[in-house]
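We did not get these values from a lab; they are worked out from the coordinates using the rules stated. Note that the structure is predicted; figures quoted are calculated from it, not measured. Every residue, glycine among them, receives a Cβ derived from its backbone with ideal geometry; neighbour counts consider all protein chains shown.
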């Protein structure tokens, strides 16, 4: 019996990704301070406005990769698929992303950030080989409808441990709440679905370097790594962008955003999730957004 399946990334791959993220993390700090020192003499007489509040909204064209192994505590699925290859989900889509920031405290060292990210993917594919999902067997020629939805609601607190008129370096602590939904269906056969909400705490670092009073280079890395009992979670979110604020309250930006998530929950895990299995999803894309600030 044929099964359109792939093997999820090994622990070695995840460890390499985590170490690579840490390498980038500790490279950003000296890079921004060096850039500020190089141009400090020429820019001492310029005024660099500090924002109290800002909100940006936009999105990016992203290349996506999603692997999934699901064994729900409720319905007992047994599925191992690459969603782009097996079910025909598009590997490149437009993804919505938005964020709001509020600076407060002495010298505005504290920063509260709230963000949203989400994509909703549907596909229809006529199977070229037999596919088995749990107790359902889909023969060759079956028209299979699939859906994979992924969202992130996040809140973080940043504290600027280094702050001057041009450079802001912050450490952050936050929470990502991620509703994930997957379903497949075919005519005259029962629908197969699994969904859960994954709350993950994250640590991070962010930098803001004012190249000129109107042009900023911003970078952020947020990461999570936890392994205990029969649960393992790895998350990295890297964002590098350039902002241009040509008007008093309006600006825009562009950059690069890359994200990777891997969650594995074993059957006898003590984690309170209605989910058993593994989900791995990642994307990299070019980011564009508009901004309002004061």
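Points worth noting:
- Shape of the stretch 108-221, Cα gyration tensor, a/c cut at 1.5: prolate
- Annotation for residue 214 and residue 51: the two label points, set 7 Å from Cα along the Cα-Cβ direction, are 1.6 nm apart.
- Efficiency of FRET between residue 114 and residue 187 - r from beta-carbon atoms, R0 30 angstrom, step 0.05: 0.10
- Theoretical FRET efficiency, 1/(1+(r/R0)^6), r = Cβ-Cβ of residue 195 and residue 286, R0 22 Å, to 0.05: 0.15
- The stretch 119-222: relative contact order in percent, alpha carbon pairs under 8 Å with at least 6 residues between: 22
- Extension gain (nm, one decimal) between residue 228 and residue 142, 0.36 nm per residue minus Cα-Cα: 26.9 nm
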